[in-house]
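What follows draws every value from the coordinates through simple rules; no lab data is involved. Not measured: the values here are computed from a predicted model. When we count neighbours, we look across all protein chains shown, and the Cβ atoms used for this are built from the backbone with ideal geometry, even at glycine.
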Amino acid sequence: MTQERTAPAHEGAEPPAQAPLAGSGTPQGSGLAQQVLGSSVGRNLGLVVALLILCGVGIWTAGEQFASVDNALTILRLASVIGVVSVGMTFVITGGGIDLSVGAIVALSSVWSTTLATQTMAEDYHWSVIVLAALAVGTGCGLVNGLLVSYGKVVPFIATLAMLASARGLAEIISERRTQIVHVTDFTKFFRADVIGIPVLVIIFALVAVVGWVVLNRTTFGRRTFAVGGNPEAARLAGIDVRRHTVALYAIVGLCCGIAAVMLVARTTTGSSTHGTLYELDAIAAVVIGGTLLSGGRGTIVGTVLGVLIFTTLQNVFVQNDLSSSVQAVAKGLIIVAAVLLQQRLAARSNTGSS
Amino acid sequence: MAEQAREQQELLLHMRGIVKTFPGVRALDGVDLDVRAGEVHCLLGQNGAGKSTLIKVLAGAHRPDEGTIEWRGEQVTLANPNAAIARGISTIYQELDLVAGLSVAENIFLGHEKSRGGLLKRSETRAAARALLKRLGHGEIRVDREVGTLPASGQQIVSMARALSHDTRLIVMDEPSAALDQQEVQTLFQVIRDLTAEGVAVVYISHRLEEIRQIGDRVTVLKDGRTVATDLPARGTATADLIRLMTGREIEYVFPEGPAAATDSKVVLEVDGLGLTKKFADVSFQVRAGEIVGLAGLVGAGRSEILETVYGARKASTGTVTVDGKRLRAGSVQAAVRAGIGLAPEERKSQGLLLDQAVYRNITVSSMSRFSRAGFLDRGAERAQARELAESLDVRPTGVDRPVRNLSGGNQQKVVLARWLLRDCRVLLLDEPTRGVDVGARSEIYALIRSLATRGVAVVVVSSEVEEVLGLADRVLVVREGLVVHEGPAEDIDEHKVLDLVMEGSAA
């Protein structure tokens with residue numbers, strides 16, 4: 001049982017106005033509520049502070065070059081693709097699973113949607129053919145993962161590891177390891193446009209995050225995701241079809257990978273079997289430092305978005321200072337460990353405080 | 001309520017010849033159960049009689065191998081929990097089936113959330129949860145609080161609110177009073193009376209006979225997976241009759257003859273004033289070399305906790321444990337093991353064995369240093385020693401290289417015993433040594449435990465089966481709600497008296 005934290009399972013903090021309605025709430029009860037509320041907001045606040053510190057370092061070391069609207073947009077554009085994948089990853093991890101195949105699915109979707117055949121079709125009919133192809137491939141891969149995990153009873157780690165290998169392999173076969181250039185100009189024009197100064201890619205990321213938040217925190221599906229991840233047996237006894245739910249969770253990650261593939265294809269104007277390399281690690285890292293429990297039952301979209309922004313900003317600061325990607329990787333590892341250690345300390349403290 | 005009036009009431013549930021087999025165990029062996037609308041039907045039976053399996057069948061969590069279930073005059077199959085819930089059967093499980101990370105309100109409506117078009121109606125959910133808790137006399141439980149932070153009694157209330165949240169015709173309550181205090185039990189009874197007045201039926205499981213007298217209408221007694229008596233009036237049946245029905249056994253186990261009471265041998269284990277906050281208090285006893293001491297009591301009375309505290313797996317809040325005159329550091333398993341204490345835990349598969357490892361590795365895992373030279377294991381010696389032990393304990397099938405997983409429950413238990421034998425244990429703590437062991441193999445395990453004792457080991461046995469404690473032990477301690485309520489030689493007490501002690505709290 002995961003009782004490591006007393007923070008609510010999701011960031012849907014109650015409006016304080018609700019407290020008096022409880023009527024018979026004892027003084028200790030409401031004191032505890034504040035504590036719980038405080039620690040939930042506090043956790044996300046901690047991530048915000050970390051982000052601000054990073055920005056401070058950026059301004060201090062790179063000055064104007066960092067603190068410009070252009071650079072901010074660059075960071076956001078960079079964060080968009082991995083952000084969309086991470087939102088999907090939050091769902092599957094909250095539901096008690098893991099998906100190692102996200103990067104490979106992004107690659108396969110990007111390749112499949114930019115083959116000569118697909119592009120010809122897109123030119124004949126409409127550029128959205130490319131989008132539909134990517135989404136279909138992504139969701140299809142996710143479905144296969146989900147079916148293997150819930151009906152085939154293959155451990156998620158193994159099932160998605162197999163998908164990682166074979167999806168990227170398939171992408172290589174289809175593309176013959178060549179980078180496929182996108183010729184459909186309407187497609188690239190649409191996704192590379194700005195709306196009131198904000199890149200379409202960033203808007204897509206924001207939309208995915210908002211929809212993800214609503215689904216996870218405000219729908220029966222989301223509520224059941226917490227239950228399936230937190231205590232599958234209790235969920236089953238409550239009448240939830242745990243297996244079907246699990247399939248849906250993997251399909252959601254797959255869909256997110258499809259969306260990310262479209263964004264990546266638009267950003268780079270290419271489809272390639274090397275797209276999305278190591279996305280699985282970046283996504284899991286962002287989800288975990290965001291505060292989602294790897295063991296399931298607890299998840300936060302806001303935390304994931306902040307986690308993604310922290311990593312992307314870090315990357316940007318390093319690039320601005322001409323530091324190698326190797327140094328960057330070391331820093332990333334240290335941040336993950338520090339974040340998890342910090343979270344455990346905080347969890348232990350709030351546990352003793354409430355009992 | 002007049003008898004005739006009750007006869008008129010609709011027969012809600014009619015189960016006939018329910019059989020459920022698990023690998024190695026026939027948990028249900030032909031159970032019949034009739035429940036009428038508006039009655040409180042009590043299920044009685046010792047631990048392992050099949051009560052929990054039966055209610056899981058009723059809840060759709062287990063599918064029976066044989067037998068028929070009629071619900072309101074119509075034959076049904078309860079293929080999954082949803083099928084049972086949809087028909088109006090809800091269940092309050094003993095092991096709490098709540099999601100710790102979700103709030104009180106979220107748990108109550110889990111699986112049948114209040115929503116429109118998939119979007120949750122959150123304030124409505126909270127209001128409804130609040131109303132349910134108020135009805136249970138617990139309006140003070142905040143519905144936004146995370147369930148994992150509630151104490152056990154609070155979680156029990158949430159479980160109940162959840163059962164009430166369904167539109168139900170039958171509520172199954174598995175020991176609902178276990179985590180409640182007197183006041184809360186009375187509130188629960190009031191809720192039950194209100195429900196039955198509305199025509200809802202309640203299947204009530206409890207070990208406390210006084211509760212059954214107070215709230216029950218009819219009693220069905222289960223024993224060894226069978227219905228042995230049904231349609232007994234809850235108030236009119238004598239305690240002695242109920243206990244006789246629960247204990248009368250068709251299968252007799254052979255218990256080894258104990259040697260003449262070893263009152264002169266040396267005291268090996270001495271437990272003095274041992275206590276663990278909220279679990280048990282002031283437990284004192286001595287075990288001599290060659291003696292078997294049994295702890296009897298209900299599940300949750302604190303027996304396992306006492307063993308685990310002696311072993312150092314839990315840190316005692318008061319008292320001391322002494323082995324061979326040497327006092328052990330509290331809360332240190334290492335100290336206990338070094339002093340020669342071995343524990344065979346209740347959950348053999350999860351706590352005791354490396355299931356996928358070979359038999360010999362499971363036997364030698366606690367004595368590894370004996371077979372290592374400069375860190376390298378002498379696997380030949382390991383195998384030879386293990387083989388010798390396995391043969392002397394008659395572990396079957398023979399051959400120490402097969403994974404423990406492939407052995408039967410009884411042979412797995414022998415492997416655990418062999419491990420401690422190899423370590424030359426001074427004290428052996430056995431928690432439910434025959435759980436999951438075939439009826440046939442039990443006598444073998446009993447003989448083995450006795451032979452360990454005759455080699456000079458001090459043995460402490462915990463068992464839910466009173467007969468087992470009495471048959472095996474030289475001396476018996478009866479534990480009720482964390483306190484030792486009786487201590488004495490095994491031959492001075494019988495099964496009825498023990499059951500009386502643990503269930504009513506007073507010797508008849």
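Within 11 Å, Cβ to Cβ, of A:Val81, how many net charges do the neighbouring residues add up to if Lys/Arg are +1 and Asp/Glu are -1?
Value of the local net charge: +1.
What number does the stretch A:42-347 give for Rg over Rh if you use C-alpha atoms and the Kirkwood radius?
Looking at the stretch A:42-347, the ratio lands at 0.97.
Using Cα-Cα distances under 8 Å and only pairs 6 or more residues apart, what relative contact order does chain A have, in percent?
33
Arrange the following residues from fewest to most other Cβ atoms within 10 Å of their Cβ: A:Lys332, B:Lys56.
With the fewest neighbours first, A:Lys332, B:Lys56 line up as A:Lys332, B:Lys56.
Separation between the B:Lys266 and B:Ser372 pseudo-spin-labels, each 7 Å from Cα along Cα→Cβ, expressed in nm?
So the label points at B:Lys266 and B:Ser372 sit 2.9 nm apart.
Taking just the alpha carbons, could you work out the radius of gyration and Dmax for the protein assembly as shown, both in angstroms?
Computed over the Cα atoms of the protein assembly as shown, radius of gyration and Dmax are 31.5, 100 Å.
What's the extension gain from B:Glu140 to B:Ser451 if we count 0.36 nm per residue and subtract their Cα-Cα distance?
Value of the extension gain: 106.4 nm.
Report the one residue of B:Gly199, B:Leu209, A:Cys257 whose Cα lies farthest in the direction of the positive end of the charge dipole of the protein assembly as shown (charges on C-beta: Lys and Arg +1, Asp and Glu -1; origin at the Cα centre).
Looking along the dipole axis, the top candidate is A:Cys257.
With just the Cα atoms of the stretch B:267-504, tell me how far they stretch along each of the three principal axes, in Å, largest first.
Taking max minus min along each principal axis of the Cα atoms, the stretch B:267-504 gives 54, 39, 29 Å.
Based on DSSP H runs of at least 4 residues, each adding -39500 (n - 2.57), what is the mean residue ellipticity at 222 nm of chain B after dividing by all its residues, to the nearest 500 deg cm²/dmol? Before the final figure, lay out each step's value.
On the way: 17 runs with 168 residues, N = 508.
Rounded to the nearest 500, it is -9500 deg cm²/dmol.
Which percent, to the nearest 5, of DSSP beta bridges fully inside the protein assembly as shown are antiparallel?
60
Between A:Ala162 and A:Arg244, what is the spin-label point distance in nm, taking each point 7 Å from the Cα along the Cα→C-beta axis?
2.5
Quick one: putting +1 on the C-beta of Lys and Arg, -1 on the C-beta of Asp and Glu, what dipole do you get for chain A around its Cα centre, in Debye to the nearest 20? Provide the component values of the computation, followed by the final result.
Working: 20 positive and 17 negative charges, 158 e Å.
For this selection, approximately 760 debye.
Given a cut-off of 24 Å, name the pairs among B:Lys278/B:Lys315; B:Lys20/B:Lys223; B:Lys56/B:Lys121; B:Lys114/B:Lys134 whose C-alpha atoms lie farther apart than that in the structure shown.
Table pairs above 24 Å Cα-Cα are B:Lys56/B:Lys121.
Along its principal axes, what span do the Cα atoms of the stretch A:48-190 show, with the longest given first and each in whole Å?
Here the Cα extents, ordered largest to smallest, are 51, 43, 24 Å.
Suppose we keep just the DSSP beta bridges with both residues in chain B; what percent of those would be antiparallel, to 5?
55
To test your reading of the geometry: what angle, between 0 and 90 degrees and rounded to tens, separates the Cα axis of helix B:439-454 from the longest principal axis of chain B?
The angle comes out near 40 degrees.
Which of the DSSP-defined H helices in chain A satisfy a minimum axial length of 27 Å, computed from C-alpha atoms, and a minimum mean Kyte-Doolittle hydropathy of -1.0?
A:27-62, A:69-94, A:128-150, A:156-175, A:242-268, A:301-320, A:325-354
Measuring from a point 7 Å past the Cα of A:Thr274 along Cα-to-C-beta, which residues in the stretch A:159-179 have an amide N at less than 11 Å?
A:178-179
Could you give the dipole magnitude of the protein assembly as shown about its Cα centre, charging the beta-carbon of Lys and Arg +1 and that of Asp and Glu -1, in debye to the nearest 20?
Value, rounded to 20: 1940 debye.
Of all DSSP beta bridges in the stretch B:368-508, what percent run antiparallel (nearest 5)?
Antiparallel: roughly 60 percent of the beta bridges in the stretch B:368-508.
Given Cα pairs under 8 Å that are at least 6 residues apart, what percent is the relative contact order of chain B?
Numbers: 995 pairs, mean separation 74.7, N = 508.
Relative contact order comes out at 15 percent.
Name the shape class, rounded, prolate or oblate, that the alpha-carbon gyration tensor gives for the stretch B:98-166, where a ≥ b ≥ c are the square roots of its eigenvalues, rounded holds for a/c under 1.5, and otherwise prolate holds if a/b is larger than b/c and oblate otherwise.
Details: a/c = 1.80, a/b = 1.45, b/c = 1.25.
It is prolate, given that a/c is not under 1.5 and a/b is the larger ratio.
Which value in deg cm²/dmol, rounded to the nearest 500, describes the helix-derived mean residue ellipticity at 222 nm for chain A, given -39,500 (n - 2.57) per DSSP H run of n ≥ 4 and division by the residue count?
-25000 deg cm²/dmol
With a/c under 1.5 counting as rounded, go ahead and sort chain B into rounded, prolate or oblate using the C-alpha gyration tensor (a ≥ b ≥ c being the square roots of the eigenvalues; past the cut-off, prolate if a/b is larger than b/c, else oblate).
It is prolate, given that a/c is not under 1.5 and a/b is the larger ratio.
Pop a pseudo-label 7 angstrom from the Cα along the beta-carbon direction at both B:Arg116 and A:Leu51 and give the gap in nm to one decimal.
It is 3.3 nm.
What does the structure give for B:117-126 when I average, per residue, the other chain Cβ atoms found within 10 Å of the residue Cβ?
Counting other chains' Cβ atoms within 10 Å and averaging over B:117-126 gives 4.
Going by C-beta contacts inside 10 Å, put A:Ile98, A:Ile289, A:Ile174, A:Ile53 in order with the fewest on the left.
Starting with the residue having the fewest Cβ neighbours, the order is A:Ile53, A:Ile174, A:Ile98, A:Ile289.
Compute a Gaussian network model of chain A, connecting alpha carbons closer than 10 Å, and tell me which residue from A:Thr292, A:Thr114, A:Thr179 fluctuates the most.
Residue with maximal mean-square fluctuation among A:Thr292, A:Thr114, A:Thr179: A:Thr179.
Test of understanding: ordering A:Thr220, B:Thr247 by Cβ neighbours within 10 Å, fewest first, what list do you get?
Least crowded to most crowded, the residues run B:Thr247, A:Thr220.
If you average the sequence gap of Cα pairs under 8 Å that are 6 or more apart and divide by the length of the stretch B:387-444, what percent do you get for the contact order?
35
Taking 30 Å as R0, compute the FRET efficiency from the Cβ-Cβ separation of A:Ser295 and B:Lys278 and round it to 0.05.
0.65
Averaged across orientations, what area in nm² does the convex hull of the alpha carbons in the stretch B:87-231 project?
Mean projected area for the stretch B:87-231: 9.7 nm², to one decimal.
How many percent of the alpha carbon pairs in the stretch B:339-436 exceed a separation of 21 Å?
On the way: 1284 of 4753 pairs.
Looking at the stretch B:339-436, the distances longer than 21 Å represent 27 percent of pairs.
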